[in-house]
2 protein chains.
Amino acid sequence: MPTPAGDRSATSPSEVLALVRLGRATSRADVARETGLSATTAAARVEMLIRRGWLVETGTGPSAGGRPPRRLEMRGAAGLVVAVSLGERHAAIAVLDAAGRQVAERHLPIAVSDGPEAVLRTVVTAVEEAVAGLDDAPPLLAMCVGVPGPVSASTGLVVSPARMPGWNGADVAAIVRQWLPVPVIVQNDANLMALGEHAAGGSPAEQMVFVKVGSGIGCGVVAGGVLHRGSGGFAGDISHTTVPGAPPVPCSCGRVGCLDAVASGAALVEQLAERGVPAPDTEGMLDLARDAHPLTTQLLREAGGSTGTVLSTILNFFNPERLVIGGHLSSAEAFVAGVRSAIYAQCPPMITDGLEIAVSRVGQQAAVLGAAREALDLAFSPEQLAVRAAAR
Amino acid sequence: MPTPAGDRSATSPSEVLALVRLGRATSRADVARETGLSATTAAARVEMLIRRGWLVETGTGPSAGGRPPRRLEMRGAAGLVVAVSLGERHAAIAVLDAAGRQVAERHLPIAVSDGPEAVLRTVVTAVEEAVAGLDDAPPLLAMCVGVPGPVSASTGLVVSPARMPGWNGADVAAIVRQWLPVPVIVQNDANLMALGEHAAGGSPAEQMVFVKVGSGIGCGVVAGGVLHRGSGGFAGDISHTTVPGAPPVPCSCGRVGCLDAVASGAALVEQLAERGVPAPDTEGMLDLARDAHPLTTQLLREAGGSTGTVLSTILNFFNPERLVIGGHLSSAEAFVAGVRSAIYAQCPPMITDGLEIAVSRVGQQAAVLGAAREALDLAFSPEQLAVRAAAR
DNA sequence: GCCACTTACTCCGAAAGTGGAAATACTTCA
DNA sequence: TGAAGTATTTCCACTTTCGGAGTAAGTGGC
């Protein structure tokens with residue numbers, strides 16, 4: 001038998017789909033330009049994707065002095081993806097259609113310490129309910145779950161999560177698939193936030209470092225335009241990096257003076273308590289800072305300094321074009337000022353000249369946005385397209 | 001006019017060439033397996049590359065229970081590349097044929113402080129002489145020059161090189177091309193050493209950090225199997241990272257306590273001198289260590305500790321599978337022990353479990369090997385193949 | 001309001017790349 | 001010695017792809 005049609009194409013369907021998905025092409029002519037294919041071939045590709053139900057034409061776009069282009073979009077009704085971000089006490093869920101439009105949203109109080117089965121059962125129930133609430137819901141294509149702890153790149157298991165008691169070795173994807181038969185990606189939350197920020201707005205930086213400072217501290221890395229996970233999947237896990245010159249505060253990892261034990265929201269709450277200033281949690285501590293509470297502000301600035309000190313070594317090493325500060329503490333000006341100050345004091349101009357230091361544009365949504373992007377990428381990966389094509 | 005031949009192929013000539021060059025394919029059948037092309041097409045590609053003079057058949061390989069494969073190799077006579085590694089007082093030059101075999105070698109004393117024009121004129125003269133000494137020398141295809149200082153990725157200029165007075169802003173490629181009309185790549189020496197080590201021997205690590213400790217300290221990064229240069233090209237430049245807890249030794253950059261000022265060979269020579277132990281240079285200092293001179297050994301161990309402390313932050317952040325220690329100081333056991341000890345004390349098991357810490361296998365040759373690889377990659381890049389094809 | 005011009009897209013024929021099957025070359029293993 | 005296995009070649013049919021011509025549908029000048 002000669003080669004079946006469609007397998008031999010130099011530019012695969014998923015590549016063309018990606019162009020449209022990511023907004024890099026909105027017409028047949030765009031596809032031709034972006035891929036380097038001839039107009040004929042590009043049109044044929046698009047036609048096939050329309051026939052298969054992935055793309056739709058939505059009227060015409062603005063003319064650029066000639067015939068107006070026929071605007072292409074993802075067909076939302078082609079499917080749904082689910083983005084989940086787990087926190088210690090809170091789960092954020094977004095359901096998006098294939099076009100990336102959010103069609104449902106849920107926020108649940110959870111207790112991560114209830115363990116993976118219980119928490120994920122709650123989450124899955126909320127997802128099922130959210131999907132059931134939609135008029136003629138399309139099929140679920142993929143799901144991404146963000147967790148506040150390290151995830152092994154090779155096995156997908158949660159590993160040594162300091163803030164997730166009972167989750168060590170948990171196979172989140174397998175647990176979810178007990179109830180929802182879809183491909184599931186599990187990813188560390190800081191990594192997802194980096195992705196969310198990377199995808200948001202203007203021109204994405206090829207090399208970016210995203211540092212998340214909330215109750216804990218984590219960091220996500222984009223190298224060469226893609227997420228850098230490292231050999232084990234633990235890249236960016238700077239929580240247990242020793243901070244130079246920091247007091248020997250004991251850390252959950254058994255050592256002292258770790259960044260997490262010195263500069264995280266949880267650490268600051270504890271430091272305040274020791275000094276007779278009770279704050280219920282990180283949010284409460286930030287409320288104090290918003291009221292210009294002097295000691296809190298001072299501690300925040302120092303924590304920013306500690307974070308900036310660790311980051312400056314990283315920036316020298318990695319030389320990114322953007323450093324983004326996210327997580328709850330990024331709303332505290334004193335903290336951000338402390339980070340900036342430490343970095344400018346400790347990095348040479350060669351590094352800081354080409355560096356943009358910014359507070360996250362997408363704020364608390366970063367993790368869910370990143371999870372959404374991962375889920376969409378998974379749903380329209382060549383592999384998944386092939387699997388679904390074969391299933392018909 | 002219909003499409004000209006050879007432009008439409010899904011697998012470009014340079015990809016097939018790369019398979020053979022890098023030893024991943026030694027027969028037509030290998031090419032078919034590695035590329036996923038049919039045997040027919042793979043054979044056609046190989047035939048074309050033989051016709052164009054890039055590949056040759058060199059007898060047959062060992063049979064695996066059937067017809068023995070016809071062994072393919074790069075045609076050495078297809079061209080030459082030049083690999084140059086500049087040090088402060090020494091230039092190493094290697095001339096290789098297209099098959100990657102070294103056909104000439106030169107070692108020159110230079111004084112980097114003579115400035116770029118003078119030094120490079122000397123180097124180019126040596127290259128010309130070396131090439132002239134060959135029987136019927138093939139044409140020069142490409143050249144890579146490694147320099148002991150930062151190189152801008154965007155402009156290719158040498159930038160703020162602490163150890164290269166008079167080279168700030170030097171356009172090494174342009175200067176060389178005055179005399180040798182070939183494509184030239186300029187690259188920081190630590191980056192090249194990382195590449196050299198990466199290419200050498202067994203299975204190359206996808207994520208690798210190479211730290212070079214000689215008179216100065218630098219570091220090269222491999223992320224996702226390719227050299228990570230960072231946004232400006234300065235990635236890995238850890239010389240001016242502040243070392244936690246180090247004495248406030250003034251540094252050439254204007255700050256104090258930089259890694260370069262604390263733990264480099266030059267810094268140790270100075271520290272020894274202050275304590276009344278004269279050593280002429282880094283080599284002399286290492287000779288003392290080889291004679292088990294107590295103070296030198298102690299200083300080396302402390303320098304290793306400082307280096308390891310900076311590296312542990314980097315390892316937490318980057319999570320590589322290999323850390324390679326190179327440069328002159330890697331021959332001092334006390335130094336290497338200091339590095340290891342600091343890393344194991346300061347990185348969590350999550351990071352160290354999947355980490356191999358090794359001394360460079362290729363030693364002093366690392367930089368030239370890396371330069372050779374860069375030059376060969378450049379010579380057989382799709383762009384250069386196209387340029388040369390058009391020139392005929 | 002007509003006309004030149006630009007841009008987007010479609011139809012058509014031709015050439016080239018591609019893979020499958022079958023044939024051939026050469027070797028190991030029983 | 002033959003059977004089986006691997007490497008390579010030959011032949012052929014099938015796609016894919018492209019370029020060019022043709023059509024569609026706007027803009028802007030006068």
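The values are calculated or read from the model by the stated rules, or taken from the named source; none is laboratory data. All of these numbers come straight from a predicted model, not from anything done at the bench. Cβ: placed from backbone, ideal geometry, glycine included. Neighbour counts: every protein chain shown. Keep in mind that these areas ignore ligands, DNA and RNA; they rest on the heavy atoms of the full protein, side chains included. Shrake-Rupley method; radii C 1.70, N 1.55, O 1.52, S 1.80 Å.
If the viscosity is 1.567 mPa s and the temperature 4 °C, what Stokes-Einstein diffusion coefficient in µm²/s follows for the protein assembly as shown when Rh is the Kirkwood radius over Cα pairs?
On the way: Rh = 28.8 Å.
Approximately 45 µm²/s, per Stokes-Einstein.
At A:Ala358, label 7 Å along Cα→Cβ: distances to the other copies, nm, ascending?
4.1
Between A:Ala153, A:Ala142, A:Ala371, find the one with the highest GNM mean-square fluctuation for chain A; connect C-alpha pairs within less than 10 Å.
Taking springs between Cα atoms under 10 Å, the residue moving most is A:Ala153.
Would you tell me the accessible area of A:Thr26, worked out with a 1.4 angstrom probe on the heavy atoms of the protein chains, in Å² to the nearest 10?
50
Leaving out ligands and nucleic acids, note down the accessible area per residue over the stretch A:304-364 with a 1.4 angstrom probe, in whole Å². Before the final figure, lay out each step's value.
Working: 1800 Å² over 61 residues.
Ligands and nucleic acids excluded, the figure is 29 Å² per residue.
What's the Kirkwood radius of chain A in Å, using all Cα pairs? Display every interim value, and only then the final one.
Numbers: mean 1/r = 0.0444 Å⁻¹.
Over chain A, the inverse of the mean reciprocal pair distance is 22.5 Å.
Taking 0.36 nm per residue of separation and subtracting the Cα-Cα distance, what length does fully extending B:Val256 through B:Ser38 add?
On the way: separation 218, 0.36 × 218 = 78.48 nm, distance 6.17 nm.
So the chain would gain 72.3 nm between B:Val256 and B:Ser38.
Quick one: which bits of the stretch A:202-233 get at least 10 Å² less accessible when the partner protein chains are in, versus the chain alone, with a 1.4 Å probe?
Relative to the lone chain, where solvent access is computed with a 1.4 Å probe, the stretch A:202-233 loses at least 10 Å² at A:Gln207, A:Val221, A:Ala223, A:His228, A:Gly230, A:Ser231.
Computing the accessible area with a 1.4 Å probe over protein heavy atoms, can you report the carbon and sulfur percentage for the protein assembly as shown?
Values: 17270 of 32280 Å².
Here it works out to 54 percent.
Within the set of other residues whose C-beta is less than 9 Å from the C-beta of A:Gly220, count the net charge using Lys and Arg as +1 and Asp and Glu as -1.
Numbers: positive: A:Lys212; negative: A:Asp189, A:Glu197.
Summing Lys and Arg as +1 and Asp and Glu as -1 gives -1.
Can you sort B:Asp377, B:Asp353 by 1.4 Å-probe accessible area, starting with the largest?
On the way: B:Asp377 50, B:Asp353 125 Å².
Of B:Asp377, B:Asp353, the descending order of accessible area is B:Asp353, B:Asp377.
So which residue, out of A:Leu49, A:Leu37, A:Leu311, gets the largest mean-square fluctuation from a GNM of chain A using Cα contacts under 10 Å as springs?
A:Leu37
Would you mind getting the accessible area per residue of the stretch A:13-74, heavy atoms of the protein chains only, 1.4 Å probe, in Å²? Intermediate values should be presented prior to the final figure.
Values: 3320 Å² over 62 residues.
For the stretch A:13-74, the solvent-accessible area averages 54 Å² per residue.
So how much accessible area does A:Tyr344 have, in Å² to the nearest 10, using a 1.4 Å probe?
110
Could you order B:Trp167, B:Trp179, A:Trp54 so the one with the most accessible surface comes first? Probe is 1.4 Å. If you can, show how the numbers build up before the last one.
Details: B:Trp167 0, B:Trp179 65, A:Trp54 35 Å².
From most exposed to least exposed: B:Trp179, A:Trp54, B:Trp167.
Under 5 Å between amide H atoms, partner at least 5 residues away or on a different chain: which partners does A:Ala205 have, H built in plane at 1.01 Å?
So A:Ala205 has HN proximity to no qualifying residue.
If R0 is 25 Å, what FRET efficiency do you get for B:Thr58 and B:Arg388 from their C-beta distance, rounded to 0.05?
Working: r = 23 Å, r/R0 = 0.93.
Efficiency at R0 = 25 Å is approximately 0.60.
Please list the non-local residues whose amide H lies under 5 Å from the amide H of A:Leu157, H modeled 1.01 Å from N, same-chain partners needing a gap of 5 or more.
A:Ser152
How much net charge surrounds B:Phe317 when only other residues with a Cβ under 13 Å from its Cβ are counted (Lys, Arg +1; Asp, Glu -1)? Write out the running numbers ahead of the final one.
Values: positive: A:Arg229; negative: A:Asp237.
Neighbour charge sum, excluding B:Phe317 itself: 0.
Go through the stretch B:204-219 residue by residue and turn each phi into a ³J(HN,Hα) via Karplus (6.51, -1.76, 1.60, θ = phi - 60°); whole Hz please, and just put x for glycine and proline.
Values, residue by residue: x, 6, 5, 10, 9, 10, 10, 10, 9, 10, x, 4, x, 10, x, 7 Hz.
Using a label point 7 Å beyond Cα on the Cα-Cβ vector, give me the inter-copy distances for A:Gly66 in nanometres, one decimal, shortest first.
Shortest to longest, the spacings are 5.1 nm.
Point me to the residue of chain A whose C-beta lies closest to the A-onto-B rotation axis, rounding the distance to whole angstrom.
Rotation axis A onto B, closest Cβ, rounded to whole Å: A:Pro244, 1.
Enumerate the calculated ³J(HN,Hα) couplings along the stretch A:278-286 in order (Karplus 6.51 cos²θ - 1.76 cosθ + 1.60, θ = phi - 60°), each rounded to whole Hz, writing x wherever the residue is Gly or Pro.
Per-residue couplings from phi come out as x, 10, x, 6, 4, 4, x, 5, 5 Hz.
Nearest 5 is fine: what % of DSSP beta bridges in chain A come out antiparallel, could you say? Write out the running numbers ahead of the final one.
Working: 29 of 49 bridges.
So the antiparallel bridges amount to about 60 percent of the total.
Roughly how much accessible area, to the nearest 100 Å², goes out of reach of solvent when A and B pair up, both sides summed, probe 1.4 Å? Intermediate values should be presented prior to the final figure.
Numbers: alone 17620 and 17630 Å², together 32280 Å².
That pair of chains buries around 3000 Å² in total.
Could you work out the helix-only [θ] at 222 nm for chain A, with each DSSP H run of four or more residues adding -39,500 (n - 2.57) and the total divided by the number of residues, to the nearest 500 deg cm²/dmol? Please report the intermediate quantities before stating the final value.
Working: 14 runs with 157 residues, N = 392.
After summing the helix terms and dividing by residue count, I get -12000 deg cm²/dmol.
Express in Å², to the nearest 10, the accessible area of A:Ser27 obtained by rolling a 1.4 Å probe over the protein heavy atoms while all chains stay in place.
10
Put simply, what bits of the stretch A:311-351 lose 30 Å² or more of accessible area when the other protein chains are there, versus the chain on its own (1.4 Å probe)?
A:Thr313, A:Ile314, A:Asn316, A:Phe317, A:Phe318, A:Asn319, A:Gln346, A:Pro348, A:Met350
Just to confirm the numbers: A:Pro247, label point 7 angstrom along the Cα-Cβ line, distances to the other copies in nm, shortest first?
For A:Pro247, the inter-copy label distances come out at 2.9 nm.
To check you understand DSSP bridge types, tell me what percent of the beta bridges within the protein assembly as shown (both residues inside) are antiparallel, rounded to 5. Mind dumping the intermediate values first?
Working: 58 of 98 bridges.
Looking only at bridges with both residues in the protein assembly as shown, the antiparallel portion is about 60 percent.
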